[in-house]
Amino acid sequence: MKALEGVKILDFTHVQSGPTCTQLLAWFGADVIKVERPGTGDITRGQLCDVPDADSLYFTMLNHNKRSITLDTKNPKGMEVLWEMVKICDVMVENFAPGVLDRMGLTWAKVHEVNPRMIVASVKGFGPGPYEDCKVYENVAQCAGGAASTTGFRDGVPLVTGAQIGDSGTGLHLALGIVTALYHRTHSGLGQKVDCAMQDGVLNLCRVKLRDQQRLGHGPLKEYSQFGEGLPFGDAVPRAGNDSGGGQPGRILKCKGWETDPNAYIYFITQAPVWEKICDVIGEPTWKTDPDYAKPPARLPRLNEIFARIEQWTMSKTKFEAMDILNEYDIPCGPILSMKEIAEEKSLRDTGTVVEVDHPKRGKYLSVGNPIKLSNSPTEVKRSPLLGEHTDEVLRDVLKLDEARIAAILDSGATGALTRTAAE
Ligand code: CAO
């Protein structure tokens, strides 16, 4: 049995944040039924398309292991079906703009009355406050959650990161909230509301920067390069380039081939316990005892000089040669891997972190599998559903509606014209 087998999810999510959450739950074994608008479905099906007439990778990579039912919720018969789903599902997950669910009549009070065991989980851009009514996408969350103001270089503009911490990060938070509420329900017998705002999710991932904001009140941040450069700090945490956010100074350093390869770099951490080994590797044995370099506090004002010297060494090696040598001495480091290198990395394929999936309309493609590995509940990644592929199946086998009712629903157009044809 899969870990979440038996859990039924009414997946009312779209774009990225909500679908990431429900995809994880599906990978853990939940039966995730995605409700989509007839005709178009999740807007991402048609965004950033690369293969004609096939669902985009944007959609397929976020909606594995789900079923799809098309329902026009602006049609009364569509809402009727939706309420039938509310009655039998354990969790409803949604990430509509603020107010949409209420306008559909799916208020928490009404849902809780119809199915007191149902958990209703929502992603919104902001929690209660001045921006609660705003629509939000990834980069807005990164900006409002403190990530952008602390990312990039001191003399440059704020930067967003390629990691989708606003969307996928919030989806992860929401999934944890849902399984926690499911566990709580085993004691209470009741569902509850689970809310996660994207701003809050991003801030949670930026907590070291709120740490630094408070440290700033007690003096300069000595592990930031800016300190060694003698530049004064302002009243807010500055952008710190590639400085390490932890207590062990680190930087991205050039490796052999950097002039032509944009990813010929390595992240190098001058962890205190292995400082002597670092000195030996780079050929500066006197730094082991020299009072200007021997202890971490003495090194802090000299980080630029120290990393420049280490870089002379890394530039004489490829990033993989440097990795091999440094790992022998237990010196923490990591190559800057391109997406091409990651896609081709055998060990990631072996563990199911990168998977090849077959799709009837687009053929084979690569996706990121489940990064969370459960020993008794392994993940099998199955292709995303075609739009409305399971409409009939859900009406008949899941909701167990009788034929007359199904015919009335199909005739009303609530599931869309395509499904009607398929049913006939
Ligand atoms: N049938 C009929 N209508 C449907 C439907 C269906 N199956 N599903 C949704 N709709 C309707 C809704 O009822 C709503 O109509 P009204 O505005 O008339 O009530 C309408 O679709 C629009 O929904 P939306 O507001 O969620 O979509 P949008 O494109 O306007 O906004 C987004 C998109 C992402 C900005 C917004 O959903 C949002 O802010 N979500 C919360 C934050 C979030 O998750 N952002 C991350 C997005 S990327 O992961």
Residue-span extension gain [ASP411 to ASP397] - 0.36 nm each, minus C-alpha spacing: 3.1 nm
Under a plain spin-label model, where a point goes 7 Å from the Cα along Cα-to-Cβ, how far apart in nm are GLU305 and TRP83? 7.7
Length added when fully stretched, ARG349-GLN312, from 0.36 nm per residue minus Cα-Cα: 9.9 nm
Quick calc, LYS373 & ILE325: beta-carbon distance into FRET formula, R0 25 Å, rounding 0.05, result 0.25
Report the extension gain between PHE153 and ILE43 in nm, rounded to one decimal, defined as 0.36 nm multiplied by the number of residues separating them, less their alpha carbon distance. 36.1 nm
To the nearest 10 degrees, how steep is helix 168-188 against the longest Cα principal axis of the chain, on a 0 to 90 scale? 60
The convex hull of the Cα atoms of the chain, divided by residue count, gives a volume in Å³ per residue of 178
Percent relative contact order for the chain, counting Cα pairs under 8 Å at least six residues apart, stands at 19
For the THR289, GLN214 Cβ pair and Förster radius 25 Å, calculated FRET efficiency rounded to 0.05 is 0.10
Alpha carbon convex hull of region 312-424, projected area averaged over orientations, nm²: 12.1
Working from the pairwise distances between different alpha carbons, so that the mean of 1/r is found and then inverted, what is region 207-331's Kirkwood radius in Å? 15.4
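Bear in mind that the values in this text are calculations on the coordinates, not laboratory data. Given the structure is predicted, the values throughout are model-derived calculations rather than measurements. Glycine gets a Cβ as well: all are built from the backbone with ideal geometry, and neighbour counts include every protein chain shown.
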